[in-house]
Amino acid sequence: MDSRLDYFGNPLAGKVLKHINSAGKVVSDSTLPTATQELVKIRASQINGCGFCTDMHTKDATAAGETPVRLNLVAAWREATVFTEAERAALELAEQGTRLADAAGGVTDDAWANAAKHYDEDQLVALISLIAVINAYNRINVINQEPAGGYQPGQFG
């Protein structure tokens, strides 16, 4: 499988990605736990059918010490006992924030209140921003049909 165009090699795309990457760096440098960040990126990428991002973030999470059991259960997190209550709240917010078109009214007050029980205001800002950033990346890669499987941890810096 080949991508539709060389998005990552295109100069205009490079300018766009520079800004998305800057936003992503702010989030990754926040106090939102790294494990939570990876779980959210994986779950949104699964929902959006983005193989490239799912590949990247499962490999990055593995390199950071995440366990295979937890990674294998991200898609079924509601039934899994391996996630903390805070992670579960973040995953719920990620799902609802990713599926905006599927749910009238967007993110529920219950999902927001549950996340707010576990994260302070800066972490909530980071979580909202992370959900927005990973969805942007997912859309770029899905539209362009970016192939999955060849990512190496740390490949993009």
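Of all the residues in segment 10-37, those that are open to solvent by 50 Å² or more (accessible area, probe 1.4 Å), of a type outside the set (Lys, Arg) and assigned to a helix (DSSP H, G or I) number 9. If you go through segment 121-128 one residue at a time, do you hit one that is free of Cβ contacts under 8 Å to residues at least 24 places away in the same chain, open to solvent by less than 30 Å² (accessible area, probe 1.4 Å), over 21 Å from Pro33 (Cβ atoms) and of a type outside the set (Asp, Glu)? Within segment 121-128 (the criterion being free of Cβ contacts under 8 Å to residues at least 24 places away in the same chain, open to solvent by less than 30 Å² (accessible area, probe 1.4 Å), over 21 Å from Pro33 (Cβ atoms) and of a type outside the set (Asp, Glu)), the answer is no, since none of the residues qualifies. Considered as a group, the residues in segment 38-53 that are open to solvent by less than 10 Å² (accessible area, probe 1.4 Å) and touching a residue at least 60 places away in the same chain (Cβ under 8 Å) include one that is farthest from Val133 (Cα to Cα), and that residue is Cys50.
Scan segment 68-92 for residues that are in a helix (DSSP H, G or I), surrounded by fewer than 18 Cβ atoms within 10 Å (Cβ to Cβ) and β-branched (Val, Ile, Thr) and the total you get is 1. With the structure loaded, tell me whether Glu87 is under 16 Å from Ile131 (Cα atoms) and acidic (Asp, Glu) or whether it fails that test. So Glu87 fits the description; yes.
Scoring Thr62 on the criteria (1) farther than 30 Å from Arg4 by Cβ; (2) touching a residue at least 24 places away in the same chain (Cβ under 8 Å) leaves a single failure, condition (1).
Residues in segment 129-152 that are under 30 Å from Asn114 (Cα atoms) and open to solvent by 40 Å² or more (accessible area, probe 1.4 Å): Ser129, Ala132, Tyr137, Arg139. Just wondering, is there one or more residues in segment 98-112 that are of a type in the set (Ser, Thr, Tyr) and surrounded by 20 or more Cβ atoms within 10 Å (Cβ to Cβ)? Yes, some residue in segment 98-112 is of a type in the set (Ser, Thr, Tyr) and surrounded by 20 or more Cβ atoms within 10 Å (Cβ to Cβ).
The values are calculated or read from the model by the stated rules, or taken from the named source; none is laboratory data. Computed from a predicted structure; not experimentally measured. Quick reminder, even Gly has a Cβ in these numbers, built from the backbone with ideal geometry, and neighbours come from all protein chains shown. The protein model used for the area step is the full one, side chains on, heavy atoms only, and it has no ligands, DNA or RNA in it. Shrake-Rupley method; radii C 1.70, N 1.55, O 1.52, S 1.80 Å.
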